[in-house]
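A quick write-up on the structure given underneath.
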Amino acid sequence: MSDLTQEVSKVEVKGFEARHYDLLMNLLTFGWYPSFIGRAIGDIGLKPGEKVLDMGAGTGRNALLIQEKIGDDGRITALEIGEEMKAQFLKKCAPYPNIELVDRRIDEPLPYEEAYDVVFISFVLHGFIQPKREIIVQNAYKALKPGGRFCILDYNNFDVERAVWYVKAAIRHIECPLAEDFIRRDTVSMLTPFGFGRFRTNTYFQGYLRLLTAYKL
């Protein structure tokens, strides 16, 4: 896995897949994805009035679910660079003036400092090489207020070789080539040196997916 480069990543979705991303996710999961993502965002424990930084915001589906929890007094700053994704995001989130879309990469230093209660990243972190993941983690830590939480919805850490056949096949033949590298690493150990602690875990899909919440100490 050490010879993998960012060029093999599938994290930046483009073209047909980007234009129909939500529909494709619904079809590929036999309609399971909307209820799953709703449950996972519910498990964050968002409160009215909280400020959320949404890293790799995609089509805006997650932002709308977050908006339901934080209300009009909350605020969402959504970071996204894909043109097709941004177009869908703007269309969906236009009715909400407290949702801001920013065209900015998350794997480069960000200007936000102690401004957010929550940083949320959903199925994006696994699509970066490790040095870029560390930049993203550092960005999250810097952006959070003291005691704020970094919520990572992504693959759990497990032995891919021993996973059920359909999970193993998806990871090895369909997913981003960087996904298995992410799965093999201990995410808690990756976050700890940056100053995160008090970890909380919610698991889904037989434990293969996880919402990992880490608090800024």
Exercise for review: Return the distance in nm (one decimal) between the two label points of a simple spin-label model at GLU161 and SER35, each offset 7 Å from Cα along Cα→Cβ.
Suggested key: 3.6 nm
Study note, to complete from the structure: Note to self: with every protein chain in place and a 1.4 Å probe, the chain gives an accessible area per residue in Å² of 48 Å²
Exercise for review: In vacuum, with every alpha carbon of the chain counted as one equal point scatterer, what does the Debye formula give for log10 I(q)/I(0) at q = 0.08 Å⁻¹? Two decimals, please.
Suggested key: -0.26
Review point. Excluding same-chain residues fewer than 8 positions from LYS69, which aspartates and glutamates have a Cα within less than 17 Å of its Cα?
Key: ASP43, GLU50, ASP54, GLU100, ASP117
Exercise for review: Among TYR208, PRO131, PHE194, pick out the residue whose Cα is farthest towards the positive end of the charge dipole of the chain, where Lys and Arg carry +1 and Asp and Glu carry -1 on C-beta, about the Cα centre.
Suggested key: TYR208
**Study point:** Rg followed by Dmax, in Å, when region 137-190 is reduced to its Cα trace
**Key:** 14.1, 42
Review point. Among rounded, prolate and oblate, which fits region 11-104 when a ≥ b ≥ c are the square roots of the eigenvalues of its C-alpha gyration tensor, a/c under 1.5 means rounded, and a/b larger than b/c means prolate?
Key: oblate
**Study point:** Length-normalised contact order of region 1-146 in % [C-alpha pairs under 8 Å, at least 6 apart]
**Key:** 25 percent
Practice item. List the equivalent ellipsoid semi-axes of region 76-130 in whole Å, largest first, each obtained as the square root of 5λ for an eigenvalue λ of the Cα gyration tensor. Key: 20, 16, 10
Point to revise | Magnitude of the charge dipole, the chain, Cβ model with Lys/Arg +1 and Asp/Glu -1, debye to 20 | key: 460 debye
Point to revise | lysines whose Cα lies under 27 Å from that of LYS168, excluding same-chain neighbours fewer than 8 positions away | key: LYS10, LYS14, LYS132
Review point. Over region 88-172, what lengths in whole Å, largest first, do the semi-axes of the equivalent ellipsoid take, defined as the square roots of 5 times the eigenvalues of the alpha-carbon gyration tensor?
Key: 28, 18, 13
Exercise for review: Would you rank GLU113, GLU161 by solvent-accessible area, highest first, keeping every protein chain in place and using a 1.4 Å probe?
Suggested key: GLU113, GLU161
Review point. Accessible area, 1.4 Å probe, largest first: how do VAL188, VAL118 sort?
Key: VAL188, VAL118
Review point. When the dipole is taken about the Cα centre of region 113-180, and only Lys, Arg (+1) and Asp, Glu (-1) are charged at their Cβ, what size is it in debye, to the nearest 20?
Key: 40 debye
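The values are calculated or read from the model by the stated rules, or taken from the named source; none is laboratory data. Computed from a predicted model, the values in this text were never measured in an experiment. Positions of Cβ are generated from backbone atoms using ideal geometry, with glycine treated the same way; all protein chains shown enter the neighbour counts. Side chains included, ligands, DNA and RNA excluded: accessible areas come from the protein's heavy atoms. Shrake-Rupley method; radii C 1.70, N 1.55, O 1.52, S 1.80 Å.
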